[in-house]
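Here's the structure, in structure tokens; my notes come after.
The values are calculated or read from the model by the stated rules, or taken from the named source; none is laboratory data. If you're wondering where the values come from, they're calculated on a predicted model, not measured in any experiment. Virtual Cβ from ideal backbone geometry, glycine too; neighbours counted across all protein chains shown.
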Amino acid sequence: MKKVNLAIFASGSGSNAEAIIHYSCRLDAAYRVALMVSNNSQCLALQRAMMFDIPTLHISTVTHPEPHDFVQSVLASLREYDIDMIALAGYMKHLPAEVIAAFSAAEPQAPRIFNIHPSLLPKFGGQGMYGLNVHKAVIASGERESGLTIHEVTAEYDKGRILHQHRVALLPEDTPETLAARINLWECELYPAVLQTQAELLRTMKAAANDSRT
Ligand code: GRF
């Protein structure tokens with residue numbers, strides 16, 4: 001069966017992106033990484049994708065200062081690479097509403113845009129909650145556990161349907177850095193696997209839709 005074409009949007013170090021790319025090399029992967037988009041031309045995530053010969057694009061307010069041009073460039077790139085699904089992996093920019101609308105699920109069970117967040121949403125999500133800020137806030141609040149959330153992306157940020165959560169216990173000696181590192185190990189394990197389930201679902205839905213047309 002044809003693989004689902006996945007685009008990864010990333011801005012930072014790209015550990016999640018690389019884990020997804022690794023997974024996609026498996027024979028039984030239901031997706032292939034067809035494109036990597038970043039708003040940061042210098043980020044490690046882009047370099048990691050290049051090492052795997054994955055097409056990369058830098059699309060930002062530098063390349064496209066006008067918001068309309070930015071949106072059109074993202075949409076045109078997604079069309080050009082025939083993208084079916086998008087995985088946000090440390091993308092430090094809001095995905096434009098037009099892109100979210102263009103990828104809104106035809107079938108509610110088969111969402112097409114995903115994000116990973118390093119806390120147990122709805123806790124420690126929203127404005128300002130990115131990178132070490134999240135882990136600093138978790139430790140400062142005296143929580144005994146944190147974790148990660150993989151969720152559907154909708155127009156309301158960090159509020160889309162939760163697809164998977166994984167809990168990680170806090171250790172008395174934890175610093176934001178040690179907590180981030182421990183959660184990141186699970187992110188790299190679980191995000192590729194959740195995308196596999198979602199790609200299988202999308203593929204099944206598409207096949208059923210094709211069958212009903214013939
Ligand atoms: C991860 O912690 C992810 O949960 C968050 O951004 C971070 C990206 O890390 N959305 P990396 O660039 O994949 O290493």
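Please tell me if Ala97 is surrounded by 15 or more Cβ atoms within 10 Å (Cβ to Cβ) and in contact (Cβ under 8 Å) with a residue 24 or more places away in the chain. The answer is no for Ala97.
What are the residues in segment 23-39 that are within 24 Å of Trp186 (Cβ to Cβ), within 14 Å of the ligand (Cβ to nearest atom) and either β-branched (Val, Ile, Thr) or not in a strand (DSSP E or B) (or both), if any? Tyr23, Val33, listed by residue number. Condition check for Ala181 on (1) among the aliphatic types (A, V, I, L, M); (2) in a helix (DSSP H, G or I); (3) in contact (Cβ under 8 Å) with a residue 12 or more places away in the chain: one failure, at (3).
Annotation: Thr204 fulfils all but one of (1) within 23 Å of Ala29 (Cβ to Cβ); (2) among the polar types (S, T, N, Q); (3) at pLDDT below 95; (4) outside any helix (DSSP H, G or I); the unmet one is (4). Would you check if there is a residue in segment 127-137 being of a type in the set (Gly, Ala, Ser), more than 30 Å from Asn5 (Cα to Cα) and within 12 Å of the ligand (Cβ to nearest atom)? The answer is no, given that none of the residues of segment 127-137 is of a type in the set (Gly, Ala, Ser), more than 30 Å from Asn5 (Cα to Cα) and within 12 Å of the ligand (Cβ to nearest atom). Scanning segment 108-125 for residues that are touching a residue at least 24 places away in the same chain (Cβ under 8 Å) and exposed (fewer than 14 other Cβ atoms within 10 Å of the Cβ) yields Gln109, Pro122.
Among the conditions (1) among the charged types (D, E, K, R); (2) touching a residue at least 60 places away in the same chain (Cβ under 8 Å); (3) within 28 Å of Asn133 (Cβ to Cβ), the only one that Asp84 does not satisfy is (3).
Screening Ala49 on (1) assigned to a helix (DSSP H, G or I); (2) free of Cβ contacts under 8 Å to residues at least 40 places away in the same chain; (3) within 16 Å of the ligand (Cβ to nearest atom) shows it passes everything except condition (2).
Inside segment 138-169, residues that are assigned to a loop (DSSP other than H, G, I, E, B) and either within 14 Å of the ligand (Cβ to nearest atom) or surrounded by 18 or more Cβ atoms within 10 Å (Cβ to Cβ) (or both) make up a count of 4.
Taking the criterion of being within 25 Å of Glu98 (Cβ to Cβ), acidic (Asp, Glu) and without any contact (Cβ under 8 Å) to a residue 40 or more places away in the chain, would at least one residue in segment 148-165 satisfy it? The answer is yes, given that some residue of segment 148-165 is within 25 Å of Glu98 (Cβ to Cβ), acidic (Asp, Glu) and without any contact (Cβ under 8 Å) to a residue 40 or more places away in the chain. When Asn210, Asn184 are checked against the criterion of being surrounded by 12 or more Cβ atoms within 10 Å (Cβ to Cβ) and either farther than 28 Å from Ser73 by Cα or over 17 Å from the mean Cα position of the chain (by Cα) (or both), a single residue qualifies: Asn184.
The single condition among (1) within 15 Å of the ligand (Cβ to nearest atom); (2) surrounded by 14 or more Cβ atoms within 10 Å (Cβ to Cβ) that Gln42 does not satisfy is (2). If you filter segment 69-90 down to residues that are of a type in the set (A, V, I, L, M, F, W, C) and assigned to a helix (DSSP H, G or I), you find that the one that is surrounded by the fewest Cβ atoms within 10 Å (Cβ to Cβ) is Ala76. Screening Ile20 with (1) out of contact with any Leu (no Cβ under 8 Å at 6 or more places or on another chain); (2) assigned to a helix (DSSP H, G or I) gives one miss only, at (1).
You will find that of Ala34, Ala29, the residue that is in contact with a Pro (Cβ under 9 Å, 6 or more places away or on another chain) and either buried (at least 23 other Cβ atoms within 10 Å of the Cβ) or closer than 12 Å to Ala87 by Cβ (or both) is Ala34 and no other.
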